[in-house]
Amino acid sequence: MSATETWAMIVMDMKILRTWERRILRTHGPVVEQAIWRIRTDQELREPYKDLDTVTDIKNKALEWIGHVVGMDQGRTVKKIFDSEPEGSRRRVRPRMRWLEDVGKDLLVMKIKKW
């Protein structure tokens with residue numbers, strides 16, 4: 001398991017990852033067309049790599065992990081933690097998104113009702 005499977009991704013995280021991804025892809029350099037240099041578009045950068053999207057890969061890994069945890073035996077520590085309800089109360093400020101809420105949101109977007 002890598003840490004990305006347990007991230008609760010917020011919009012800022014997704015923006016940072018996509019920016020980093022484009023920066024890496026831009027190392028292929030500009031294009032010369034009719035003796036004029038121009039920067040490659042995002043579509044041109046992604047074309048050779050087909051389905052390269054770090055954010056989507058991370059979300060897919062999280063869905064795979066939750067499927068794995070749901071199928072575990074009840075005696076496993078990870079399953080016990082997954083099924084437990086946290087005790088106590090959260091801070092009074094705006095609560096941070098929990099990992100399970102983030103995965104649940106992704107499932108709604110993908111229109112998956114039963115998991």
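The values are calculated or read from the model by the stated rules, or taken from the named source; none is laboratory data. Quick caveat: nothing in here was measured; it's all calculated off a predicted structure. For neighbour counting, all protein chains shown are included, and Cβ atoms are generated from backbone atoms with ideal geometry for every residue, glycine included.
Can you tell which of Ala8, Ala3 is touching a residue at least 12 places away in the same chain (Cβ under 8 Å) and of a type in the set (A, V, I, L, M, F, W, C)?
Numbers: Ala3 fails: touching a residue at least 12 places away in the same chain (Cβ under 8 Å).
Residue meeting the stated conditions: Ala8.
Quick check on region 98-107. Is at least one of its residues touching a residue at least 24 places away in the same chain (Cβ under 8 Å), under 21 Å from the mean Cα position of the chain (by Cα), in a loop (DSSP other than H, G, I, E, B) and farther than 30 Å from Gly29 by Cβ?
yes
Looking at (1) surrounded by 13 or more Cβ atoms within 10 Å (Cβ to Cβ); (2) of a type outside the set (Lys, Arg); (3) over 21 Å from Ile112 (Cα atoms); (4) at pLDDT below 80, which is the one condition that is false for Met14?
Only one criterion in (1) surrounded by 13 or more Cβ atoms within 10 Å (Cβ to Cβ); (2) of a type outside the set (Lys, Arg); (3) over 21 Å from Ile112 (Cα atoms); (4) at pLDDT below 80 is unmet by Met14, namely (4).
Taking region 18-76, which residues are surrounded by 10 or more Cβ atoms within 10 Å (Cβ to Cβ), without any contact (Cβ under 8 Å) to a residue 24 or more places away in the chain, in a loop (DSSP other than H, G, I, E, B) and hydrophobic (A, V, I, L, M, F, W, C)?
Selection gives Ile39, Met72.
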